[in-house]
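This report refers to the structure that appears directly beneath it.
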Amino acid sequence: MPLKIMSKYLIIYAHPSREGHCGYLLEQVEHKLKQQQADYELIDLYQLNYDPILKNEELYSSGRKNISDQNLSFQEKIKEADRLLFIYPTWWQNVPAILKGFLDRVFTGGFGFHYKNGLPVALLKGKKAAAFTASGGPLLYTRFFTGSSSLKVVLKHVLSLCGVQTKGFLIGSARNLEKNKRKLEKMAEKIIKYLA
């Protein structure tokens with residue numbers, strides 16, 4: 001019987017608090033990964049006081065590639081991980097600025113993709129990623145009227161372009177955690193099952 005190789009998980013958490021829907025989902029996911037004795041690491045962007053501002057010397061689209069040591073280490077962690085999970089709120093139908101800055105500064109040309117004959121070539125194939133977001137707006141509005149735009153930013157416009165297989169998870173009307181705890185527990189199970 002072939003040996004089953006354990007996946008390495010990397011969680012990117014982008015919420016200033018651990019007390020709401022995103023924090024509870026993170027708690028559930030971490031609990032399940034610990035139960036499985038899974039190898040995982042958490043990058044909490046707010047806890048790290050991550051600087052989301054792309055500097056002039058980092059502007060890879062203009063030929064500058066001065067990537068900071070911190071962002072190089074994040075790129076290394078992403079390379080080493082088989083499974084990625086992004087947890088963040090939806091604000092104004094978009095990702096928080098801190099996460100947008102992380103995407104801009106870490107998923108650079110030459111790392112996540114490069115262009116050949118005018119077309120993007122994915123450099124992170126073989127990885128699986130999930131993104132979870134909580135929106136204060138009703139699910140119907142967020143999903144059907146805005147097209148889950150904050151999930152698209154992460155999953156389609158960044159990760160899929162880099163060759164990563166993706167799936168999004170969304171909870172709407174995220175205003176009362178007590179009412180939504182069971183939903184979040186089930187969603188954590190679905191996320192772990194998808195990433196397995």
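Is it the case that some residue within segment 51-71 is closer than 21 Å to H157 by Cα, out of contact with any Gly (no Cβ under 8 Å at 6 or more places or on another chain) and in contact (Cβ under 8 Å) with a residue 60 or more places away in the chain? No: zero hits. One residue is enough: does segment 28-50 have a residue meeting the conditions at pLDDT 95 or above, of a type in the set (D, E), assigned to a loop (DSSP other than H, G, I, E, B) and more than 15 Å from I191 (Cβ to Cβ)? There is no residue in segment 28-50 that is at pLDDT 95 or above, of a type in the set (D, E), assigned to a loop (DSSP other than H, G, I, E, B) and more than 15 Å from I191 (Cβ to Cβ). Does segment 162-176 include one or more residues that are on the phi < 0 side of the Ramachandran plot, more than 17 Å from the chain's Cα centre (by Cα) and crowded, with 20+ Cβ neighbours inside 10 Å? Scanning segment 162-176 turns up at least one residue that is on the phi < 0 side of the Ramachandran plot, more than 17 Å from the chain's Cα centre (by Cα) and crowded, with 20+ Cβ neighbours inside 10 Å. At least 2 residues being in contact with a Phe, Trp or Tyr (Cβ under 7 Å, 6 or more places away or on another chain) is the threshold, and among the helices (runs of 4 or more DSSP H) wholly inside segment 80-196 those reaching it are 97-106, 177-195.
Taking the conditions (1) touching a residue at least 24 places away in the same chain (Cβ under 8 Å); (2) within 30 Å of N180 (Cα to Cα) in turn, Q75 satisfies each one other than (2).
Could you check, for segment 172-183, whether at least one of its residues is touching a strand residue (DSSP E or B) at 6+ places or on another chain (Cβ under 9 Å) and at pLDDT 95 or above? Scanning segment 172-183 turns up at least one residue that is touching a strand residue (DSSP E or B) at 6+ places or on another chain (Cβ under 9 Å) and at pLDDT 95 or above.
The values are calculated or read from the model by the stated rules, or taken from the named source; none is laboratory data. Since we're looking at a predicted model, the values are computed, not measured. Here the Cβ is made from the backbone with ideal geometry for all residues, glycine too, and neighbour counts use every protein chain on show.
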